[in-house]
Structure formats: structure tokens, C-alpha cells
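Enquirer: I have a structure I would like to understand better, so I am pasting it below and will then ask my questions one at a time.
The values are calculated or read from the model by the stated rules, or taken from the named source; none is laboratory data. Bear in mind the structure is a predicted one, so any value in this text is a computation, not a measurement. Cβ atoms come from the backbone with ideal geometry, glycine included; neighbour counts cover every protein chain shown. Heads up: the accessible areas ignore ligands, DNA and RNA and are worked out on the full protein's heavy atoms, side chains in. Shrake-Rupley method; radii C 1.70, N 1.55, O 1.52, S 1.80 Å.
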Amino acid sequence: MDTYIFREQIHKLPGKVIHHVPTPESQVVEGHGARAHVGEICKENGYKHVLVVTDKTLRELGYEQKILQSLKEAGVRYTLFYGINSEPTAALIEKGRKIALKYNTECVVALGGGSVMDTCKMIVAGARLPHLSTRALLVKFLIVPGKTLPMITVPSTAGTGAEITVGAVVTNARGTKGSTVLVGLDVTHVILDSELTVHAPQLVTAACGMDALSHVVEGAISDVEEEEENMRMSLEGVKLILHHLPIVMREPENIESRLAMCRAAMYGGNAINTQLAGYVHAFAHSIGAKYHIPHGQAITLMLLPVLEYQRAACMAKYARIARHCHLAEKTDDDRVAAEQFLRAIRDLVATCGLDTLPLPVKASDYEELTRMIAKDSINYSAPMTFSNEDIARVLERVTEER
């Protein structure tokens with residue numbers, strides 16, 4: 001059944017709801033090796049014990065050592081939890097919460113990618129709500145009276161924006177993924193440390209960059225009530241990525257460009273919080289879940305096809321992005337400017353070597369994927385509402401082009 005009419009009627013609702021969710025007011029510290037400031041920050045805030053959370057890979061690389069050393073020098077006690085080796089699960093959250101409560105943790109330091117960030121968000125919320133079971137925490141909107149425990153985020157990738165997003169995706173005890181929006185999330189500091197990204201494999205750098213690009217682009221074209229500062233960050237995020245992602249692909253140790261990509265990813269997190277995503281994500285989430293491909297690669301596969309299909313509805317918005325990024329002159333016709341924007345993304349995908357990614361979509365899966373994409377799209381405020389026929393046409397075009 002095509003739920004187009006229902007989706008068309010409610011498509012502005014998510015944007016209205018999200019504006020009532022407070023977003024973290026975080027101080028940003030950036031630089032090469034900036035995570036060494038964590039101890040100083042914790043001491044200034046009077047924390048006596050903090051929980052440092054990271055994953056097994058970063059632990060093996062020793063990336064947490066600068067943080068631990070800074071805490072020692074500042075005289076702040078800590079506990080290290082590095083048992084995260086997968087996406088967030090109810091079991092991991094419960095384990096982390098028990099540690100936080102046992103040691104009367106006053107702040108959680110999250111070092112890692114989206115999985116670590118989302119796990120820590122649920123830990124800082126759960127520690128404030130010890131009377132609730134982990135299962136009870138995994139609701140659509142989790143309201144934490146006052147605020148969660150303070151959280152300092154140190155992202156190890158420049159892509160997800162999870163360092164400041166109020167949402168967390170968690171797999172429950174039944175193995176089902178669900179998203180929770182945390183009302184009252186307290187991310188006090190975001191540490192953007194280029195040292196954590198300089199040695200990332202090229203494919204990871206490229207895919208993370210495309211993920212960040214999708215966030216700021218979809219934020220800039222979303223159908224939510226526009227706020228000047230949020231729009232400025234989204235537009236600036238697009239500009240930063242178009243300029244700096246090719247540089248870090250050529251020069252992996254270019255610190256200035258690595259920091260710029262970290263900043264752009266954070267702007268993408270702001271876009272998710274305030275402007276939401278759109279059909280690029282609805283397609284990518286569904287294709288990623290169906291064929292078990294990494295999120296950044298799924299985003300890359302669907303970014304241009306979806307943007308090109310929306311061209312008529314988004315002409316003026318694409319043109320505004322192009323002009324902000326100096327891809328078009330102020331006097332250029334919107335149609336010309338929009339094409340320059342799409343061409344810039346097309347060129348970026350090729351520059352990153354992502355234009356040959358295999359696409360696993362099969363014609364026999366169109367019906368199932370269409371249902372999945374239509375259902376996921378209800379969470380967003382996209383610039384247009386796709387009918388089931390629209391979704392199928394995009395899938396057909398992508399398959400034919402590959």
C-alpha cells in the first residue's frame with residue numbers, strides 16, 4: 001500500500017517536533033593532539049572521577065593514552081571502559097551504566113566513532129535514571145529531568161557528527177535496532193583532534209567525508225523552519241568538504257584540512273539536530289540494512305541519484321549552496337547554479353575513487369526496499385515527498401546506471 005498521502009500530510013511534523021528538543025551547548029576545542037586538554041577541562045569543572053569510554057581498536061592503537069595521561073596530571077581519577085567492539089547494544093549500555101554508578105562517575109569521556117558516542121549517550125542518560133531498566137531507556141523520546149551526566153566527546157572520525165547529535169541508535173535484547181532521542185543530553189565539550197584521523201584508510205576518510213556531506217546538504221535543503229545560524233553552518237559545512245576532502249585524499253597528513261573536515265562533520269551533527277536528514281538517508285539506511293554495507297558507502301551510492309531526482313523541487317536551494325561555495329556567480333540562473341552544485345558533488349565522488357563502488361541492489365528487492373524507504377522517510381522533513389513510484393524510479397535508475 002502506498003502511504004504517500006499520509007506521508008505528505010505529516011512531512012513537516014518531524015521538523016516541528018525536533019525544534020522542541022534542546023540541543024547541547026558545547027564548547028569546542030580543536031587542534032592536533034587536542035584530546036590532551038581533557039584532564040584540564042575535567043579539573044576546571046571539579047570532576048573527581050570520570051569514565052573514559054572507547055573501543056577495542058582505538059585501545060589497541062593507544063589513542064586513549066593522551067587522555068589518561070592528562071587526567072593523571074590533573075589529579076582526576078578515572079575508569080577505562082573499552083569493551084565496545086560493535087554497534088551499541090542494550091548489554092553494553094547496561095555494563096557501562098553499572099561502572100558509572102559504581103564509581104560515582106561525574107563525567108563520561110567518549111573517544112571513538114558513532115558506536116562509542118551513541119553508547120555513551122545512553123550511559124549518561126541511564127546513570128541519571130538508575131531506577132529504569134535498560135529496556136525502559138530505549139524509547140523514541142527519553143526525557144532526562146534536569147540533564148544527563150556531563151559528556152565530553154572526542155570523535156575519532158570526521159563523518160557521523162554523533163559527537164553532538166541528540167539521537168542514539170541502539171540494538172535491543174531482541175536484536176532489533178531502534179533510535180532514541182535524548183531530551184536533556186549534556187555534551188559540555190567537543191574535542192576535534194586531527195591526530196585521530198590522519199592515519200585513517202583512504203576509503204574510510206572518503207566514506208566518512210561523504211556521510212558528513214550528506215548531513216550538511218540535506219540540512220541545507222530540508223523543509224524545516226529556517227534559522228540563520230543553522231543554515232550558515234550547513235552551507236559552510238558543504239563548502240569545507242568540497243574544498244578540503246580532495247586535499248586530505250591527496251595529502252593525508254594535511255592538518256589544516258583534517259581539522260576542517262572535523263569541523264564540517266560537527267556542522268553535520270548540528271544539521272541532524274536542527275534540520276534533520278532526507279531521502280538520501282532513507283535510501284541509504286534501507287540499502288545498508290538489506291545488504292549489510294557500511295553506512296558511508298550506502299550514502300555515497302545514493303547521494304547523487306536522490307539529489308538529481310529532487311532537482312526540480314530543490315532548484316533554488318541547490319543554487320544557494322552553489323553560490324555560497326563559489327561554484328556559481330550571483331548573477332547565474334538558478335538552473336545553471338544548481339547544475340554546478342551537482343557537478344561538484346559528481347566530481348568529488350570521482351576524486352575520492354567512490355564512483356566505482358559496487359551496488360548490490362536487485363530488481364527483485366524493489367518492493368521490499370520501497371516499503372523500507374517509505375517507512376524510514378517518515379522520520380525526516382525532506383523537501384519533497386516521494387511516492388512509492390518515485391522511490392522505485394530512483395532504484396531503477398541507479399541499477400540501470402550501474
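Enquirer: Provide Rg and Dmax in Å for the stretch 1-99, with only Cα atoms included in the calculation.
Expert: 19.9, 62
Enquirer: Please give the net charge around residue 30, taking every other residue with its beta carbon less than 12 angstrom from that of residue 30, where Lys and Arg add +1 and Asp and Glu add -1.
Expert: Residues near residue 30 contribute -1 overall.
Enquirer: I would also like to ask the following. So for the stretch 354-401, taking the charge dipole from beta-carbon charges (+1 Lys/Arg, -1 Asp/Glu), which of 381, 357, 369 sits furthest toward the positive end?
Expert: Checking the options against the dipole of the stretch 354-401, the answer is 381.
Enquirer: Further question on the same structure: Given axes a ≥ b ≥ c from the Cα gyration tensor, I'd like to know whether the stretch 116-175 is rounded (a/c under 1.5), prolate (a/b larger than b/c) or oblate.
Expert: oblate
Enquirer: Separate question: Rounded to the nearest percent, how much of the accessible area of the stretch 288-368 (1.4 Å probe, protein heavy atoms only) is carbon and sulfur?
Expert: 51 percent
Enquirer: Per 0.36 nm of contour for each residue apart, how much would the distance between residue 256 and residue 143 grow if the chain were fully extended, relative to their Cα-Cα spacing?
Expert: Fully extending the segment from residue 256 to residue 143 adds 36.8 nm.
Enquirer: Hey, another quick one. Please compute the net charge surrounding residue 220, taking Lys and Arg as +1 and Asp and Glu as -1 over other residues with Cβ under 9 Å from its Cβ.
Expert: Net charge in that neighbourhood comes out at +1.
Enquirer: Under 16 Å Cα to Cα from residue 362, which lysines show up? Leave out anything in the same chain fewer than 8 places away.
Expert: Candidates past the 8-residue exclusion: 290.
Enquirer: Which of the GluC sites (Glu not before Pro) found in the stretch 1-40 are in a DSSP loop and have at most 12 neighbouring Cβ atoms, other than their own, within 10 Å?
Expert: Sparse-neighbourhood loop GluC sites (Glu not before Pro): 25.
Enquirer: Right, next: Nearest-5 percent of antiparallel DSSP beta bridges in the chain?
Expert: Counting only bridges with both partners in the chain, antiparallel ones make up about 15 percent.
Enquirer: Now for a separate question. Could you work out what % of the accessible surface of the stretch 1-109 is carbon and sulfur, using a 1.4 angstrom probe and leaving DNA, RNA and ligands out of the count?
Expert: 52 percent
Enquirer: OK, next. Out of all DSSP beta bridges in the stretch 100-181, what portion is antiparallel? Express it as a percent rounded to 5.
Expert: If I count the DSSP bridges inside the stretch 100-181, around 45 percent turn out antiparallel.
Enquirer: Residue by residue through the stretch 345-361, what is 3J(HN,Hα) from phi via Karplus (6.51 cos²θ - 1.76 cosθ + 1.60, θ = phi - 60°)? Round to whole Hz and write x for glycine and proline.
Expert: In residue order, the calculated couplings are 5, 4, 5, 5, 4, 5, 4, 7, x, 9, 7, 10, 4, x, 10, x, 4 Hz.
Enquirer: Are any of the pairs 66/98; 48/102; 48/72; 121/177; 121/147 more than 23 Å apart by Cα-Cα distance, and if so, which?
Expert: Pairs exceeding 23 Å: 66/98.
Enquirer: Write down the accessible area per residue of the chain in Å², having rolled a 1.4 Å probe over the full set of protein chains.
Expert: Ligands and nucleic acids excluded, the figure is 43 Å² per residue.
Enquirer: OK, next. Round to the nearest 0.05 the FRET efficiency obtained for residue 104 and residue 131 when R0 = 22 Å and r is the Cβ-Cβ distance.
Expert: Rounded to the nearest 0.05, the efficiency is 0.85.
Enquirer: Grab the Cα-Cα distance for residue 366 and residue 176, subtract it from 0.36 nm times how many residues apart they are, and report the gain in nm with one decimal.
Expert: Working it through step by step, the gained length comes to 66.2 nm.
Enquirer: Counting other C-beta atoms within 10 Å, and keeping those with at most 13, which DSSP coil GluC sites (Glu not before Pro) do you find in the stretch 287-389?
Expert: Here the GluC sites (Glu not before Pro) that fit, given the DSSP loop and packing criteria, are 329.
Enquirer: At a Förster distance of 56 Å, what's the computed FRET efficiency of residue 9 paired with residue 60, Cβ-Cβ distance as r, to 0.05?
Expert: Step by step, r from the Cβ atoms, then E = 0.65.
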